[in-house]
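Reading through the structure tokens given below for one structure.
Values quoted throughout were computed directly from the atomic coordinates according to the rules given, and no laboratory measurement underlies them. Here the structure is a predicted model, which means the values were calculated and not measured. With ideal geometry, Cβ positions are generated from the backbone for all residues, glycine too; neighbour counts draw on all protein chains shown.
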């Protein structure tokens, strides 16, 4: 769990057009033991910490002790299935259930999010060679794309 403590409390400001959700904690859970591909398991072993840190970097201006709890349960079965195919970029996906729990509010947000290779902002080849699902480049792109989507919902 990534606990974020701000030095000063931030005021919650909302407008009719948009509402910023402030964040207190980010907790990502993933059962990486479901990944049987050894190379993939090595690359994806730190998904919980890396996702928490990626989100914290994107939400740094929205951090306060009175904020919401962001809870993400990664679907490691979907991830494992994509890693079983050596060049399965088309099938590879990073999926998770996201819960944004706002203290004292009945307006909690819960949704499922899936990111696939079509959404990535990296080329799927590196010097003419394909990038594989078990590569560090693919891993970073999937983490960043997933974190960008979650952070966008909190803006």
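From most to least packed by mean Cβ count within 10 Å, the peptides 30-39, 99-108 give 30-39, 99-108. When each of the peptides 137-148, 42-53, 57-68 is scored by how many other beta carbons lie within 10 Å of its residues on average, the order from highest to lowest is 137-148, 42-53, 57-68. Between residue 109 and residue 42, the distance separating the two model label sites (each 7 Å from Cα on the Cα→Cβ line) works out to 3.8 nm.
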